[in-house]
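Engineer: First the structure, then my questions, so here it is.
Please treat every number below as a calculation from the coordinates, not as lab data. Given the structure is predicted, the values throughout are model-derived calculations rather than measurements. As a convention, Cβ positions derive from the backbone with ideal geometry for all residues, glycine included, and neighbour counts pool all protein chains shown.
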Amino acid sequence: MNSNCYRNICTGLAIAVLGANLGFTSGAMAQSPLPRNDYADAKNWLCLPGRTDDACSADESTTVVAADGTTTHEAFLRDARAKIDCFYVYPTVSLEPTGNADMTAGPMEKSTVAQQFARFGAVCRTYAPLYRQVTLTALRATMAGKPIPVNRELAYSDVLDAWNYYLAHDNHGRGVVLTGHSQGSGVLIALIKNEIDGKPVQRRLISAILMGSRLAVPAGGVVGGDFKSIPLCQSPGQTQCAIPYASFRANVPPPANTRFGKVPGAGMVAGCVNPASLAGGSGELHAYLATRGSFLGSIVSRPWAKGKTIDTPFVSVPGMLTAECMSTSDGSYLAITVHGDANSPRVDDIGGDVVLDGKVQPDWGLHLIDANLAMGNLIDIVSAETKSYLSDR
């Protein structure tokens, strides 16, 4: 398997976004009969404000690689006095041999937080609960036709408990951004439908960033479908709105058998919001890509900058990537265009494809780097939303 699939786990990752298949979006969830987690115990959180040694303490420093190959260092500063919160649910990363993960934070969970969430510490206080997700082991077994026992409601009930604990003990009326990817987005869609949409707590929702997801909206509309009163975000500073997207290369759009971009229901489509241009059209992506291609990062075929050694965990490539929401008969998606120059000293392409046996799997798109591709744009969006939210109050 190509190194784009770290430790052979990609075969399950993209499936996890299909929340309906995992039972996350089927309305009210029954509570699991297994013992409930105590979210008063800090060990059950990957990230909590004020800690200096948790998953959100990861090094987020970046090397900016210009088109001419010159490099500059970009330091990362967390805002210890941020006035809003961010609550994150991570994707399918557990390699536990059982159907559901345990409550131990392993290297995969920590690495994923570093790629997808720790950078939000620049604009918000960070909360990320551990939860007993459906594992990659269970997904592989199902794909192989040999399913193993799994509790498909447990992931949701854990996140619900963590959310309720956060609201009761930590929120104190603050605005909050919900963000997730893949299985995490599926859980959050269910949480928003059941606990937030149309209820008083919705007033505290700044936005819901649902990466690698398939959120149903009416064709040509921005509200309805999965959410009844939470529309798609359409302008900077808008709050109480959602930012769903699933990314594909512009020159490799979703095929007929795509795993993303389609939703059930007559007249419904998968919502797509372009973080690089909320109002629509094309915009430049401010990506933060993993320098060395760690899981959920980006593998490249040659050095990021010819003759340069990069020692930061992230790279940024200004001017190289643009995005635009597109729709075809096979689905709605965020089309990623790479503006590479083979004659430039900077690398001319990015990785992030799912590759099995040396072959790119077009039905999965750029799912592995959904978060990396638009991370800088998302941080800017949350910053603008925060100003609007606080101004309104």
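Engineer: Under 5 Å between amide hydrogens, which residues at least 5 positions from A242 or on another chain qualify, with H placed 1.01 Å from N in the peptide plane?
Structural biologist: Long-range HN contacts for A242: A208, L232, C233.
Engineer: Run the paramagnetic zone check for K387: 7 angstrom along Cα to Cβ, then residues of the range 238-255 with backbone nitrogen under 13 Å.
Structural biologist: 238
Engineer: Right, next: Along the positive direction of the dipole of the range 6-392 (beta-carbon charges: Lys, Arg +1; Asp, Glu -1; about the Cα centre), which of A75, T291, V93 reaches farthest?
Structural biologist: Farthest towards the positive end: V93.
Engineer: Given an 8 Å cut-off on Cα distances and at least 6 residues of separation, report the relative contact order of the chain as a percent.
Structural biologist: The value is 20 percent.
Engineer: For the range 46-58, take each phi angle, set θ = phi - 60°, evaluate the Karplus expression 6.51 cos²θ - 1.76 cosθ + 1.60, and give the result in whole Hz per residue in order, putting x for glycine and proline.
Structural biologist: Ordered by residue, 3J(HN,Hα) equals 6, 9, 9, x, x, 8, 10, 9, 10, 4, 7, 8, 4 Hz.
Engineer: Determine, from the Cβ-Cβ distance of N194 and R302 and an R0 of 45 Å, the FRET efficiency 1/(1 + (r/R0)^6), rounded to the nearest 0.05.
Structural biologist: Numbers: r = 48 Å, r/R0 = 1.06.
Rounded to the nearest 0.05, the efficiency is 0.40.
Engineer: Which of L378, S61, Y166 sits farthest toward the positive end of the charge dipole of the chain, with +1 on the Cβ of Lys and Arg and -1 on the Cβ of Asp and Glu?
Structural biologist: Result: Y166.
Engineer: Efficiency by 1/(1 + (r/R0)^6): what FRET value for R203 and T328, r their Cβ-Cβ distance, R0 = 30 Å, to the nearest 0.05?
Structural biologist: The formula returns an efficiency of 0.20 here.
Engineer: Taking the Cα centre of the range 6-392 as origin, work out the dipole magnitude from +1 charges on Lys and Arg Cβ and -1 charges on Asp and Glu Cβ, in debye rounded to 20.
Structural biologist: In debye, rounded to 20, the range 6-392 gives about 340.
Engineer: Also, quick follow-up: Along the three principal axes, how long is the chain when you take its alpha carbons, biggest first, rounded to the nearest angstrom?
Structural biologist: 58, 52, 44 Å, listed from the longest principal axis down.
Engineer: Let me ask another. How many lysine pairs are close in the chain, with Cα atoms under 18 Å apart and the two 8 or more places apart or on different chains? Write down the numbers at each step before the final one.
Structural biologist: Details: K43/K110; K83/K387; K193/K228; K199/K228.
Total qualifying Lys-Lys pairs in the chain comes to 4.
Engineer: Which residue fluctuates the most in the chain, going by a Gaussian network model with Cα springs under 10 Å, if the choices are Y90, Y166, Y288?
Structural biologist: With Cα springs under 10 Å in the chain, the top fluctuation among Y90, Y166, Y288 is at Y166.
Engineer: With springs connecting C-alpha atoms under 10 Å apart, model the chain as a Gaussian network and identify which of G121, G145, G186 has the largest mean-square fluctuation.
Structural biologist: G145
Engineer: By how many nm would the segment from D349 to D79 grow when fully extended, if each residue of separation counts as 0.36 nm and the alpha-carbon distance is taken off?
Structural biologist: 93.9 nm
Engineer: Separate question: Where in the range 215-255 does the amide nitrogen come within less than 17 Å of the point 7 Å from the Cα of A279, taken along Cα to Cβ?
Structural biologist: Zone members listed by number: 233-239.
Engineer: Can you give the helix-only mean residue ellipticity at 222 nm for the chain, where every DSSP H stretch with n ≥ 4 adds -39500 (n - 2.57) and the sum goes over all residues, rounded to the nearest 500 deg cm²/dmol?
Structural biologist: About -5500 deg cm²/dmol.
Engineer: Around G175, which amide H atoms from residues at least 5 apart in sequence, or from another chain, sit under 5 Å from its own amide H, with H modelled in the peptide plane?
Structural biologist: The list, which skips near neighbours in sequence, is D85.
Engineer: Also: For a quick check, take a GNM of the chain with Cα springs below 10 Å and name the residue from A82, A323, A114 with the largest mean-square fluctuation.
Structural biologist: A82
Engineer: Calculate the spin-label point distance for L95 paired with A42, positioning each point 7 Å from the Cα along the beta-carbon direction, and give it in nanometres.
Structural biologist: 2.8
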